[in-house]
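The values are calculated or read from the model by the stated rules, or taken from the named source; none is laboratory data. Just so we're clear, the structure is a prediction, and the values are computed from it rather than from any experiment. Virtual Cβ from ideal backbone geometry, glycine too; neighbours counted across all protein chains shown. Surface areas here come from the heavy atoms of the whole protein model, side chains and all, with no ligands, DNA or RNA. Shrake-Rupley method; radii C 1.70, N 1.55, O 1.52, S 1.80 Å.
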Amino acid sequence: MSRGIKMRKAVGTHGTLHRVADLQKRHDAQQTLPTLLCDGCNVPVRFVPAHDRSGADGSLPASVPAYIALNKGAEHLPGCRYNAPSHLQALLASGTDPEFLPALGDGRHELRLLILQQALKRGSAGPTLLPADAPLDGYLRTLGDLLTLQAMCEDDTLLTAQLTLRLGKKRVDWANFLYGQERYDAAWERLGSASSELPLALLGTVRSHRTPQPGDPHGVTFLNCAPKYQHTGVTDRRDFYEVSVGHTDAAWLKSFPVGAEIVMFGLWRQGRSSTASRPHPTDPRRTITSITHKLALRPVVAGQLVLVE
């Protein structure tokens, strides 16, 4: 099970506060890094510099932002704000609606997605975000807290060990519900095999905001996340998997700044794929073909996007 939450600051042995950005600069300059302690419970922690995580099945590496993690063998003390299991237990014990997150007999809980799916289907993306009714607002806040905790954990085992997912009568594997950047292709394929929009949660890093052109009758702004690039095994062909959230409330989408990590939940749909070709940069006899696959979300209420912080 995940032992800790990714930290963005820690203290040195002399009490000096060290933030991730400053530690990354020291790492890049090949300077000696300080011995670090958790600023909540003083257990030993370590700096993990920004790096690329190797892709699988021909995909290109995914960027992993810098963070601070527990030393091998260390554990955050009970009550520390970075103790992931304690956070989860507090969320589960916070009086969440038992119809949405009931306790099971084995000590685990069950997250019932059908309630959210039905509530979101009743709405539609209009000119402004709809105010969530009290039950829906509570469901989304609980789900957002859980998924944010999962995104902040050092690994992905915490929620999978303590929570099961159910959509109506069907149990849903976590791998078929929560998708990080390295698995955008799997999300796209799952949407392609479905007969309707599916309730999915995607983790992403904001790359850009695209505002509508003057005279655009729809007036939709798009928040775009860093895509997944993937080699296909076919010479000179590459697949791109792009995630975008569209709404007419530009100010709301732009409140998630470029570089921010976010959780996006809702009824996703598979967008159209497009193909583009360009000459090979060094061999004029060859042509590079890029196929772009799109995953799209049109939120109904603001609680469907959550900043990871």
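Projected label points at LYS121 and LEU17, each 7 Å from Cα along the beta carbon direction, are separated by 4.8 nanometres.
Between ARG238 and LYS9, the contour length at 0.36 nm per residue exceeds the Cα-Cα span by 78.6 nm. Rolling a 1.4 Å probe over the protein heavy atoms leaves ARG166 with an accessible area of roughly 70 Å².
Test of understanding: in a Gaussian network model of the chain with alpha carbons linked when under 10 Å, which of GLY12, GLY40, GLY107 would top the mean-square fluctuation ranking? For the chain, modelled as a Gaussian network with Cα springs under 10 Å, the answer is GLY107. Here the extension length gained between ALA90 and LEU307 equals 76.1 nm, from 0.36 nm per residue of separation less the Cα-Cα distance. Counting only Cβ charges, +1 for Lys and Arg and -1 for Asp and Glu, the dipole size of the chain around its Cα centre is about 480 debye. Solvent exposure of CYS80, expressed as accessible area, is near 10 Å², computed with a probe of 1.4 Å over the protein chains only.
Where the accessible area of region 160-309 is counted over protein heavy atoms with a 1.4 Å probe, how much of it, in %, is carbon and sulfur? All intermediate terms of the calculation are to be shown ahead of the outcome.
Details: 3670 of 7460 Å².
On region 160-309, the fraction of accessible area on carbon and sulfur atoms equals 49 percent.
For the chain, the fraction of alpha-carbon pairs lying more than 34 Å apart is 30 percent, rounded to a whole number. For the cross-link pairs LYS254/LYS294; LYS6/LYS169; LYS72/LYS228; LYS169/LYS294; LYS25/LYS72; LYS121/LYS170, the ones whose C-alpha atoms lie over 26 Å apart are LYS6/LYS169; LYS72/LYS228; LYS169/LYS294. The convex hull around the C-alpha trace of region 105-214, projected and averaged over every direction, spans 9.5 square nanometres. When the solvent-accessible area of region 7-118 is split by element, carbon and sulfur atoms take up 51 percent of it, the probe being 1.4 Å.
Between ALA276 and ALA74, the contour length at 0.36 nm per residue exceeds the alpha carbon distance by 67.7 nm.
Solvent-accessible surface of the chain, taken per residue with a 1.4 Å probe and all protein chains present: 52 Å². The relative contact order of the chain comes to 17 percent, based on Cα pairs under 8 Å that sit 6 or more residues apart. The value of relative contact order for region 134-227, using C-alpha pairs under 8 Å at least six residues apart, is 18 percent. Once the convex hull of all Cα atoms in region 152-238 is built, its volume per residue stands at 186 Å³.
The spread of Cα positions in region 79-120, taken along each principal axis and listed from longest to shortest, comes to 37, 25, 14 Å. Residue farthest toward the positive end of the dipole of the chain, with Cβ of Lys/Arg at +1 and Asp/Glu at -1: which of ALA187, PHE240, ALA10? Result: PHE240, furthest along the dipole toward the positive end.
When the Gaussian network model of the chain links Cα atoms closer than 10 Å, the mean-square fluctuations of GLU154, GLU189, GLU242 top out at GLU189.
Suppose R0 equals 41 Å; then what is the FRET efficiency for ILE291 and THR157 from their Cβ-Cβ distance, rounded to the nearest 0.05?
Here the calculated transfer efficiency is 0.75.
Comparing HIS231, HIS14, HIS87 in a Gaussian network model of the chain (Cα springs below 10 Å), the most mobile by mean-square fluctuation is HIS14. Placing LYS9, LYS254 in order of accessible area, with the largest value first and a 1.4 Å probe, yields LYS254, LYS9. Working note: Karplus 6.51/-1.76/1.60 with θ = phi - 60° gives region 72-79 the couplings 4, x, 8, 9, 5, 6, x, x Hz, where Gly and Pro are set to x. The C-alpha radius of gyration of region 214-285, expressed as a fraction of 2.2 N^0.38 Å, stands at 1.47.
More than 16 Å apart: what percent of Cα pairs in region 177-309 qualify?
Details: 5734 of 8778 pairs.
Counting pairs separated by more than 16 Å, the tail of P(r) holds 65 percent.
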